[in-house]
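Notes to accompany the following structure.
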Protein chains: 2
Amino acid sequence: MTDLLTAALNPSSIAVIGASENPHKIGGRPIAYMQRMGYQGRLYPINPSRRELQGLACYAALADLPEVPEMAIVIVAGDQAVAAVEDCAARGVRCAVVIASGFGETGAQGRAQQDHMRDVARAAGMRLIGPNTQGLANFGTGAIASFSTLFTEMPPADGPVAVVSQSGGMAAMAYGLLRQRGLGVRHVHATGNEADVRVADLAWAVAQDPEVKLLLLYLEHIANPALLAATAAHARQRGLPIVAVKAGRTAGGAQAASSHTGALANEDRVVEAFLRRHGIWRARDPHALALAAPGYLQGWRPAGRRLVIVSNSGASCVMGADAAEQHGLSIATLSEATRRELAARLPGFATTTNPIDITAALLSNSGLFSEVLPVLAQDDAADMVFIHIPVSGAGYDVERFARDTAAFARASGKPVAVAAWQESVAQVFRAAGVATYANEDEALGALAQVAGHTALLREPLPVLPTSAPAMLPAGEGLLNEADSLALLAAHGVPVVAHRLCRSADEARAAFAELGGPVAVKACSRDVPHKSEHGLVALNLQDADAVAAAFTQQWSRLAAMGAAQEGVLVARMQHGRHEAMVGAHIDPQFGPVVAVGDGGKYVEAMRDVALLVPPFAHGEVVQALRGLRIAPLLAGTRGDPALDVQALADIAVRVGGLISAGAGRIAAIDLNPVMLGPAGQGAVVVDALVDLGGAGTRPAPGPRS
Amino acid sequence: MTDLLTAALNPSSIAVIGASENPHKIGGRPIAYMQRMGYQGRLYPINPSRRELQGLACYAALADLPEVPEMAIVIVAGDQAVAAVEDCAARGVRCAVVIASGFGETGAQGRAQQDHMRDVARAAGMRLIGPNTQGLANFGTGAIASFSTLFTEMPPADGPVAVVSQSGGMAAMAYGLLRQRGLGVRHVHATGNEADVRVADLAWAVAQDPEVKLLLLYLEHIANPALLAATAAHARQRGLPIVAVKAGRTAGGAQAASSHTGALANEDRVVEAFLRRHGIWRARDPHALALAAPGYLQGWRPAGRRLVIVSNSGASCVMGADAAEQHGLSIATLSEATRRELAARLPGFATTTNPIDITAALLSNSGLFSEVLPVLAQDDAADMVFIHIPVSGAGYDVERFARDTAAFARASGKPVAVAAWQESVAQVFRAAGVATYANEDEALGALAQVAGHTALLREPLPVLPTSAPAMLPAGEGLLNEADSLALLAAHGVPVVAHRLCRSADEARAAFAELGGPVAVKACSRDVPHKSEHGLVALNLQDADAVAAAFTQQWSRLAAMGAAQEGVLVARMQHGRHEAMVGAHIDPQFGPVVAVGDGGKYVEAMRDVALLVPPFAHGEVVQALRGLRIAPLLAGTRGDPALDVQALADIAVRVGGLISAGAGRIAAIDLNPVMLGPAGQGAVVVDALVDLGGAGTRPAPGPRS
């Protein structure tokens, strides 16, 4: 990995294969940029028709250089590009950046050429960036292996932000938006077709750069989640926040992504859970990346989500309160002392409850900000402050407002965001070092993002069980219900009282032993969907009925040619609500646990939370609060609160079980889980475990 | 109303009471503005200490003017303002604009002064704007009775947009955002404390101005919905779209609004339904007002919501598809002919399915837009086009892109929105007359808004029944269940088969007559919550049990001291799903109907749609599609689709009943409504009608 860091991000020498004298052409731009940025390494233009190029000695071929360059930028196209990569690999170049397009993105033939380049590179131990990439740019060293026109449009400035993107367009856009806000950007890297090097590889490399304080990613496909997870763990350790845009959130987006990159779509809700698990904040688009950046860089680390709103317009106070609620921020309740202090400093018609309307009196009293803000600094109820100035400009002492605001932010250490739609006003605040936005939605979005991300990174990282799961039967495919229940019970999951019977007499005895009404269900790994075949009898009240059900089901199994593994006699288990816990192995992300509303309509209603193990009990409880059935779980209309603790406990155990048995367990489906009132537990009534392999996994949903 | 139009918006003479020589002071600014804007009426500064002011003759008092002015702007404060209003009223001024603050917004004393000014004005037939208002500005006539500093910051230009706002800050902000986009604004009016004239009054007046093509409103409280509805009806007739921001959407916002204006909060979901009913589009904030304005003014009237996305970045195509889905737009499926045409014109590595990725080849072939766009114009599958240019600037022929785009928009008549975050690029498109946005979220938000608003305004307006409801019993308070069911049945609502019995023998006979299992429920207007008192017996299978239940409930009623109005014997009615239909009279908006998921948890789950009568059957069906139970209604997991038509029919009938009986019926609550498979109807099982007045309305929810 350190190899990639050196060779791709900080090479000591660079050849440009297909160099151009014209600094506005793709082959000329990287050379012009590197000369302008003061690249300190050795730069070798290669162009057989020139001796000299942009003031540098020019060579006819790689073979003519005085040394083997550490990096080669391949501008030439088609077969020439392939030949150049072969040449680089043969000569010991360590990293080739293939700018040329027309490969994997064009169809089978281009794909084959691309695969060939990758194979050649890998065989020689050379890393390949691209093809079809905008390239790499490190403004810390001046190594600009990129043709982005935006570095001309918006002059670069080295700084604390790094951008790594699959897409060159998004890399450039993120760079531009950050520079527009006056932020310094050190790394701007695009991976293009990702024949070899992917976003996670460069993210890992960039995360080693101690000057990087904020890492922004754009991905359409998470191809190597393990490396991304390792990068996130490293970044967390050194306090480097990572914010990612993962496009293809929707069905339409995923389809577009698949025609863009040809990659298989990640299941979006799993992506969401994966990123959350690893403390990576997911942003909607590159704009959101740029909007929150000033906050991260100013060291916003709010203790909570309680907001104070200050404005010189009452209407902005109202809309700010609306927007706060929509961003999940709460309006801080100020102390009596604070309100008295505010009342003493504000005109009589101002509002001293939060939101604080300092009114148009700001026009005549420019000191109102410096009067009001220090009062807030002393109130522990405020985690962050939002100032909205919808009317300002001529007649207002904006310089002073900005100075007072910046001083308050410094002194209090609290995050402060300002919204001012007038660019002339925003500029003054921005120059004073205040995070400034066009409107309240953007400002509160940034505050909410940093607050959410801070809280996410504060969560302790739970540890996975390391021992292999106990009692895991040999073989592949589906376990029957009895074996499934037994496996879960062995891992501490409460399951319904039941007996597996192989004769009518055993069934009678089981009924007597269990007492009360029972369910009778045929037990065969060949028939996961029992009720469809009339293999379930519910609520049987006497031994004769149980015996009759046994006999009927036993012979039906035989008639179906299904394995007669037994008939389950189980106590009728009642609960207040039917919940579900499921788990499966995602092909990209590994174990994923689902927990939420159960019953027949689990797929249609989709009211479940997804979690990537390992996760703590408290995380499940929090995730359940976000479900639509949350009011039912909390108790409503005289019904008691339900035992979410017990449900969370099952989810944690299932997460541990599928993780520890990841090689063997493909899926677990518990539905319904009968949920009782708080303190009275949760009981799994129906279970299906899939050991994968030859056995097929049935569609999720209830089966008995 | 025409009075207000003339006196407030187009006065022939204006006095400024408290005029100032200084054009930067509140008392000087309106005079300076009017002179600059070429106000053609007669302008009279009043200031006892001057003879001449800003080049105009100045007067000591209203009494000294050569005429009674049509309008007076009251700048002086406190008691002087009150005296000025009294003077104006006494002398026959037709409209007083009271800029001064320190009245209703400061407490009881200020409120009393404000009420006094209103009473004085009303007694004299004078209209009062404010107090505590930024004032009125008509750039069509140059009558600028406003002190907004923004008219200095951003030079005015007369044009097709009108802004009417409770808040001066929001009026100014909307003005500024529109002017920033280069749009002309004719009216900018703020109503302030609304002692007399409210937003709806001025909205009505402004809607009479034939030059106004787009009317934007900001409200924190809808005080006179009838006038707003009349304005909307007039505007719809003349094709004038109205877009409103109604702040106080959330609990926090409503609380802030109440401290800002002191007004009672409107129930936000009813506001939503009311605005929809009247074809007024609700925007989130003043930014959204401004974002969609260019589209309205260009005459966007898309036939549907099918979008084509074109970009020079594949990543933007992906994110555009994501954003489209989130805005409820669909990705148009282009015809084979279109795709062939596109393939012939685009480079091989471009994508010819929608979204269309024209790739970075745009850099070398500036004609790609003019190649691609006309192909789309011929495809009927496309209702609108979104072009995203995330990378451009130096090296790109932006002028040509903009020209080609504008030509396409003109020729095709289809809405076209462009996103370009680089202001230098956006400017070129804007100058060419193309609606241009900072990012895809804003662009697609604007397209989705105009598409939604267009569809809303295309819906035929249903007509309310005009006859009084039949069978409405005399009296007040709750009807018992039998009377409630009878009233509904009389209005065509299918209700459960039932008999009202007053003896055990009658109950036996009812059982025999109804056949099958029945429910037995005590019937007394005194006991709406029957099950809490053990007054419900379900699923009784024989006549003896029915007779016993009758006897038990009858005597229990007597023991409770409740009216013994009978005992209901009703057929046990099963359905696939428990739905609900409710209706009540909102204190501000009148009749409101709720329809959706029923059962015990109706309040906790809140999965119901609100509609303001009159509404058509199809509107209910559409609203039901937005509910979380929509998949269940549509049929899932082998279950049939449910009879939403029958449910919609009940909602329409209930809407007609409560509207026709608005004076008499306070609330109707039908829960559960047993919903069968499509074609098999819906049946009301439990009903409660409240005639209001002395009787109390029980909390919503099931009762039996």
Does A:ALA634 fit the bill of being touching a Lys or Arg at 6+ places or on another chain (Cβ under 6 Å) and assigned by TED's automatic domain parsing to the domain that holds A:LEU488?
no
Exactly one condition in (1) under 27 Å from B:ASP690 (Cβ atoms); (2) away from chain A (no Cβ under 14 Å); (3) without any contact (Cβ under 8 Å) to a residue 60 or more places away in the chain; (4) of a type outside the set (A, V, I, L, M) is not met by B:TYR601; state its number.
(2)
Going by what's in this entry, would A:ALA438 be described as at pLDDT below 95 and aliphatic (A, V, I, L, M)?
yes
Looking at (1) in a loop (DSSP other than H, G, I, E, B); (2) out of contact with any Lys or Arg (no Cβ under 9 Å at 6 or more places or on another chain); (3) within 14 Å of chain B (Cβ to nearest Cβ), can you tell me which one A:LEU362 breaks?
(1)
Those residues of the range A:608-638 which are of a type in the set (D, E, K, R) and within 8 Å of chain B (Cβ to nearest Cβ) amount to A:ARG628, A:ARG637
Quick one: count up the residues across the range A:507-552 that are in contact with an Asp or Glu (Cβ under 8 Å, 6 or more places away or on another chain) and among the aliphatic types (A, V, I, L, M).
1
Could you grab the pairs with beta carbons closer than 7 Å, sequence gap of 6+ or different chains, first residue in the range A:399-413 and in the same structural domain as A:LEU376 (by TED's automatic domain parsing) and at pLDDT 90 or above, second one of a type in the set (Ser, Thr, Tyr) and assigned to a helix (DSSP H, G or I)?
A:ASP404/A:SER370
So if I check each of B:ILE75, B:ILE129, which one is modelled with pLDDT of 95 or more, buried (at least 23 other Cβ atoms within 10 Å of the Cβ) and in contact with a Phe, Trp or Tyr (Cβ under 9 Å, 6 or more places away or on another chain)?
B:ILE75
Could you please let me know if A:PRO11 is part of a helix (DSSP H, G or I), assigned by TED's automatic domain parsing to the domain that holds A:ARG94 and crowded, with 20+ Cβ neighbours inside 10 Å?
no
From A:ALA623, A:ALA558, A:ALA547, residue being under 23 Å from A:PRO225 (Cβ atoms) and small (Gly, Ala, Ser)
A:ALA623
Taking the range B:126-156, which residues are touching a Leu at 6+ places or on another chain (Cβ under 8 Å) and assigned to a loop (DSSP other than H, G, I, E, B)?
B:THR141, B:THR149
Of everything in the range B:393-426, what is within 14 Å of another protein chain (Cβ to nearest Cβ) and touching a strand residue (DSSP E or B) at 6+ places or on another chain (Cβ under 8 Å)? Give them in sequence order.
B:ALA419, B:ALA420, B:ALA426
Taking the range A:164-185 and keeping residues in contact with a strand residue (DSSP E or B) (Cβ under 9 Å, 6 or more places away or on another chain), assigned to a helix (DSSP H, G or I) and more than 7 Å from chain B (Cβ to nearest Cβ) leaves A:GLY168, A:ALA171, A:ALA174, A:TYR175, A:LEU178, A:ARG179
When the range A:198-246 is checked residue by residue, the ones that are touching a His at 6+ places or on another chain (Cβ under 9 Å) and either β-branched (Val, Ile, Thr) or within 14 Å of chain B (Cβ to nearest Cβ) (or both) are A:VAL199, A:VAL206, A:VAL212, A:GLU220, A:THR231, A:ILE242, A:VAL243, A:LYS246
Go through the residues of the range A:527-548 one by one and say whether even a single one is buried (at least 23 other Cβ atoms within 10 Å of the Cβ) and at pLDDT 95 or above.
yes
Can you tell me which residues in the range A:383-397 are surrounded by fewer than 23 Cβ atoms within 10 Å (Cβ to Cβ) and either part of a strand (DSSP E or B) or within 34 Å of the chain's Cα centre (by Cα) (or both)?
A:ASP383
Does B:GLY452 count as over 18 Å from the mean Cα position of the chain (by Cα) and either surrounded by fewer than 18 Cβ atoms within 10 Å (Cβ to Cβ) or in the same structural domain as B:ALA323 (by TED's automatic domain parsing) (or both)?
no
Just wondering, is there one or more residues in the range A:251-265 that are closer than 23 Å to A:ALA594 by Cα, surrounded by fewer than 23 Cβ atoms within 10 Å (Cβ to Cβ), in contact (Cβ under 8 Å) with a residue 40 or more places away in the chain and not assigned by TED's automatic domain parsing to the domain that holds A:ALA609?
yes
Answer with yes or no whether B:VAL620 is within 21 Å of the chain's Cα centre (by Cα), within 27 Å of B:ALA455 (Cα to Cα) and assigned to a helix (DSSP H, G or I).
yes
Go through the range B:349-359 residue by residue and tally those that are in a strand (DSSP E or B) and facing another protein chain (nearest Cβ under 8 Å).
2
List the helices (runs of 4 or more DSSP H) inside the range B:255-348, counting only whole elements, that have at least 3 residues being of a type in the set (A, V, I, L, M) and within 11 Å of chain A (Cβ to nearest Cβ).
B:286-297, B:314-326
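The values are calculated or read from the model by the stated rules, or taken from the named source; none is laboratory data. These numbers were taken from a predicted model, which means no experiment stands behind them. As a convention, Cβ positions derive from the backbone with ideal geometry for all residues, glycine included, and neighbour counts pool all protein chains shown.
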